[in-house]
Each structure stands twice: as C-alpha cells, then as structure tokens.
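Trainee: Have a look at this one.
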Amino acid sequence: MRKKKLIATILVVTSIFTTVFTGCSGNTATNKSKKQIVFFSNKIEAVDTYNKLVEKFEDENPDIDVVVTAPPDATTVLKTRLVKGDVPDIISLSADRSFADFVDANILEDLSDKIDFSVIDPVYNQMLKDLEIESIDGVYGVPYALNASGVIYNKDIFEDLGLSIPKTWDEFLELAQTVQDNGITPFYFTLKDSWTSLPAWNNIEGTLADTDCFKRVNNNETTFNEVYSETADKILQLMDYGHSDNFGVGYNDGNTAFAQGKAAMYIIGNYAIPSILTVNPDLNLGMFTMPASNNEDENKLVSGVDVYFAIPKDSKNKEESIRFINFLLEEENAKTYIDEQSAFSAVKGVKQEDSKFEAFDEFFENSRVVDFQDHFYPAELPASDMIQTYLLDGDKEKFLNNFQKEWLKANRQYIKE
C-alpha cells in the first residue's frame, strides 16, 4: 500500500509542460534504420558538452542516434512525461530524494550486471545506495559527475594578510576575526535567497553527523534536536562575520560582490565560480573544505553526485542506452565532461586538475567525502526557509523543534511506531 501511494505521489504533477528546451545532435530527421535514444538531463548548461560527446559516440556507433533533452524544471517535466507514458531512455539528474522515490516506486532498471561499476569510486556508489529510503536489492543509478561545497576564497586577500587555509573550526573563526580586524568582510552572505543558507549548513553537518541519522530519526532512536544541536550553534556563529546586509542580498548579487573583492570568503558550491569569473575573469580565487571539527582528521569534504544516469524499466532501447552510458564512463569522455563543466568525476583516475580546487585533492584521494544533508530532505520539508528564519531570530529551540515536526510530517509513511 505504501508503495502504491508513493508511486502516486511522485507521478502526480500540477501542470503539464508543453514546451521544453532541447539540444539535438545531428539532423532533426532521424534515419529510420537507426535506433534513437532520448537522453533526458537537468543540466541545461551542459547541453553543448553532451552534444560534443554524442557526436563522438555516434561516429563510433553509426547505428544509434542520441537526442539530448534538457528542459527547465527537469524533475517536474520528467514526472509529467512518466504520467503520459512518454518515457526517455536515459535519465540524468542530480542525486537527491527524488532518486530514492524513483527507486522505491520500482520504475528504474536494475543495472547491476549491465554497467562496469568497478570503474566508479565506491564512495559514490554507496552515496546513491544511502539515498534509498529502504534498502532495495539491485543498483539503479550510475554516479558520473560530482559537485563540491566549501569556501571560495580570495587568494590575494589571504596573501596580503598572511593567511593560510584553516584546518579546524577554531582556526576558521580565528581567520575570520583576523580578516574582520583588518577592515575586510570575512564572509559574503546572500540570505535573501533562503537556499543559500544550505551550503554552510551542509558543510558543518556533513562532518558532525552521518547519513544514518535519518534512519535513526525514523526509527525513533534520536531526534533532530540532538543530531543538529551543534550544527545550529556553529552556523549561527558565522553570522558575526558577515556584511551589513546579510539578509538583503541574493545569490546573483553576491556572486558579483565577491567578484568585485567585497569579501575574503564565500561559503557556497563550486557551481558559483563560473558566474563569479564572468564578472571578473582575473580574480585570483581558490576553494577549500570548510572545517567543522577541531579534530582535523574528522573534517570531510561535502561532495554529492551532481549527475547520475538511470534507465527506466519502460525504455524501449535499453541495450543502446547501456552502450551510451558505458561510453560516457570511459576516462577520456569523463574528463571532457568535468573539464568543460568545472566539475569532479566519480570515475576512478579522472581528476580535476584546475589549481582552484587543489585543496580538495587530499579529500578526494582519501575518500574523505560525504553527501549533502539536504539531498536526504523530501521536497515537502522547507529546510532552507527554516534555517533562514533561525539565522534571523536565533531561537535554537524553536528551530530544532520545528525541524523535527516538519520531518515527521513529510516522512510519516516511513516512521516506525
């Protein structure tokens, strides 16, 4: 009964999209002697990269045409297509709670014996598995590209003040104080957009808690009042080192402000860097892992699966889709993707060599990585709004009580009595 309700939940949408953004390789008229596979992605910004790889694949596989489709609001569009029976052959999305819903609803093909998972870092295979609300036999997603959250910093400011990358929480706050004492804003916050509260939250909580905490809460073994207590204290401390209008500036303006040198640090993901460099291509910036613990060895890099591949059970071109996924997993092709998208790779041996990210190397090389906490949050849980409100009013007890209540409400079908 629960699964039937879940299937209904993930497939019901409130509107039908009639127009989508589509990037296609080759001619619009498809040779009827070829198999056409539809590659459905949420990465509008990666369409050109995908089409470059598609062209190479089609040269090597002349019996297959690949059509890349990347609509806005991709997850909603995908659910609409599933309702209409218009099933793409390959799904390529970011790994969050929606992946767990698709797995639980039994709409994805088990790829266990169809993909060579030995080429993928097992940390990321496990990340996808950990997202499953209840562990299900089989492997339903292929990790491909990763993003990372941390602290973007202005290297020139650090050099002028004689600062080095902090390794512990206390060092991090001491560094912020030094920056502030020198008349420079330590952190540029953009909390007018509530979602920008999540990077700092994920960075702290990624080290202080493990992803099993969600199952423990569902099993009534703990509460978020306990799990998130230290994180709530630490994220509030950061607010002392912001600028004069932390809640009046949004993400896009924050990117511009950081590009203009208005702060030493910016707690955000690597996805912000292209936008920052568009404003100021000459900005000397880097990125480091935000240390949440005073035990240096405990600190982890928050790095989630930004792109995974899956094949719906109702795909009519599974063999051809598997060939394309295996092609994308080849080292040269995986390297093309991360180089053009300033991303990181789940494929073993494929390294991001941009010096901006060199501080991440030791974490990737030693698998000291952990998934984003909010990847486990259902869409019904207003996490970013609750965190934003807490950062405004500082009422920790109210915040944690509310988080616990909203989690139980959104996950009632999984809570053990």
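The values are calculated or read from the model by the stated rules, or taken from the named source; none is laboratory data. Because the structure is predicted, anything quoted here is derived from the model rather than measured. Note: ideal-geometry Cβ built from the backbone for every residue, glycine included; neighbour counts use all protein chains shown. With ligands, DNA and RNA removed, areas are computed over all heavy atoms of the protein, side chains included. Shrake-Rupley method; radii C 1.70, N 1.55, O 1.52, S 1.80 Å.
Trainee: So, counting K/R as plus one and D/E as minus one, what does the shell of residues with Cβ under 10 Å around A70 add up to?
Mentor: The answer is 0.
Trainee: Another question, then. Under a Cβ-only charge scheme (Lys and Arg +1, Asp and Glu -1), can you give me the dipole magnitude of the chain about the Cα centre, in debye to the nearest 20?
Mentor: 1780 debye
Trainee: Let me know the charge dipole size of region 326-417 about its Cα centre in debye, to the nearest 20, where only the beta-carbon of Lys, Arg (+1) and Asp, Glu (-1) is charged.
Mentor: Dipole about the Cα centre, nearest 20: 600 debye.
Trainee: Given a 1.4 angstrom probe, I'd like the percentage of the accessible area of region 314-417 that is carbon and sulfur, rounded to a whole number.
Mentor: Percent of accessible area from carbon and sulfur atoms in region 314-417: 43.
Trainee: Give the lysines whose C-alpha is closer than 23 Å to that of K262, dropping any in the same chain fewer than 8 places away, or say none.
Mentor: By straight Cα distance, K262 reaches K155, K192, K356.
Trainee: To the nearest 20 debye, what is the magnitude of the charge dipole of region 243-335 about its Cα centre, counting +1 on the Cβ of each Lys and Arg and -1 on the Cβ of each Asp and Glu?
Mentor: Dipole of region 243-335, to the nearest 20 debye: 260 debye.
Trainee: Quick one: check the C-alpha center-to-center distance for region 128-166 versus region 214-278, whole angstrom.
Mentor: For region 128-166 versus region 214-278, the Cα centre distance is 14 Å.
Trainee: Next question, about the same structure. If Lys and Arg each add +1 and Asp and Glu each add -1, what is the summed charge of the other residues whose beta carbon sits under 14 Å from the beta carbon of E320?
Mentor: So the environment of E320 carries a net charge of -1.
Trainee: How large is the accessible surface of W195 in square angstrom, using a 1.4 angstrom probe and rounding to the nearest 10?
Mentor: Roll a 1.4 Å probe over it and W195 shows about 100 Å².
Trainee: From the helices alone, meaning DSSP H stretches of at least four residues, give me the mean residue ellipticity at 222 nm for the chain, per-run term -39500 (n - 2.57), in deg cm²/dmol to the nearest 500.
Mentor: Mean residue ellipticity at 222 nm (helix-derived): -12000 deg cm²/dmol.
Trainee: For the chain, list log₁₀ I(q)/I(0) at each q in 0.14, 0.15 Å⁻¹, using the Debye formula over Cα point scatterers of equal strength and ignoring solvent, two decimals each.
Mentor: Taking Cα atoms of the chain as identical point scatterers yields -1.36, -1.51.
Trainee: Multiply the residue separation of E358 and E60 by 0.36 nm, subtract the distance between their alpha-carbon atoms, and state the gained length in nm to one decimal.
Mentor: Computed gain between E358 and E60 is 103.8 nm.
Trainee: Take the solvent-accessible surface of the protein heavy atoms, probe 1.4 Å, and return the percent of it on region 78-207 that carbon and sulfur atoms account for.
Mentor: Carbon plus sulfur share of accessible area: 43 percent.
Trainee: Evaluate the distance, in nm, between pseudo-label points positioned 7 Å from the Cα of E298 and of I44 along their respective Cα→Cβ axes.
Mentor: Result for the modelled spin labels: 4.2 nm.
Trainee: Let me ask another. Could you give the accessible area per residue of the chain, probe 1.4 Å, as a whole number in Å²?
Mentor: Ligands and nucleic acids excluded, the figure is 43 Å² per residue.
Trainee: For region 349-417 and region 181-203, what is the separation of their C-alpha centers, rounded to whole Å?
Mentor: Their Cα centres are 15 Å away from one another.
Trainee: Given just the C-alpha atoms of region 217-318, how large is their convex hull per residue in cubic angstrom?
Mentor: Value for region 217-318: 236 Å³ per residue.
Trainee: Around G261, with a cut-off of 14 angstrom between Cβ atoms, what is the net charge of the other residues, counting Lys and Arg +1 and Asp and Glu -1?
Mentor: Value of the local net charge: -2.
Trainee: Moving to a separate point now. At S164 and Q36, where each label point lies 7 Å from the Cα along Cα→Cβ, what is the point-to-point distance in nanometres?
Mentor: The modelled label-to-label distance comes out at 6.0 nm.
Trainee: Identify all lysines with a Cα-Cα distance to K416 below 25 Å; exclude those on the same chain that are fewer than 8 residues away in sequence.
Mentor: K3, K4, K5, K129, K215, K398, K405
Trainee: Given Cα pairs under 8 Å that are at least 6 residues apart, what percent is the relative contact order of the chain?
Mentor: 24 percent
Trainee: What distance in nm separates the simple spin-label points at D245 and K192, each placed 7 Å from Cα in the Cβ direction?
Mentor: 0.7 nm
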